[in-house]
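Asks: To start, I am sharing the structure in question, which I have written as structure tokens.
The values are calculated or read from the model by the stated rules, or taken from the named source; none is laboratory data. On a predicted model such as this, the values are computed, not experimentally measured, just so you know. Please note: Cβ atoms are built from the backbone with ideal geometry, for glycine as well, and neighbour counts cover all protein chains shown.
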């Protein structure tokens, strides 16, 4: 997804999920569910964590506008969401 900085367009976020980048009315939506380490993330996602897509074993964090692997789960486990615990290896 692109964003105008006043003089040019810059890549704001990668939209690699199946929904891609789409306009709905006056809103632009970016499906980031397919994004992985190295992909760009929006400033509103800075500091947030997520699992690598498709049952991956990495926990990713948005740092300085890009997704970075901050933890790799041990062999035989994947990143997942556990109620009251957040993202962890399961």
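Asks: Given the chain, what strands (runs of 3 or more DSSP E) lie entirely inside it while holding 3 or more residues that are free of Cβ contacts under 8 Å to residues at least 12 places away in the same chain?
Replies: On the way: elements: 2-4, 9-11, 21-24, 27-30, 49-51, 58-63, 66-72, 79-82, 86-89.
The qualifying strands (runs of 3 or more DSSP E) are 2-4, 21-24.
Asks: Residue check, residue 23 against (1) surrounded by fewer than 12 Cβ atoms within 10 Å (Cβ to Cβ); (2) at pLDDT 95 or above, all met but one. Which one?
Replies: (2)
Asks: Restricting the search to the stretch 36-55, which residues are surrounded by 15 or more Cβ atoms within 10 Å (Cβ to Cβ), touching a strand residue (DSSP E or B) at 6+ places or on another chain (Cβ under 6 Å) and under 22 Å from residue 89 (Cβ atoms)?
Replies: 39, 41, 45, 49, 50, 51, 52
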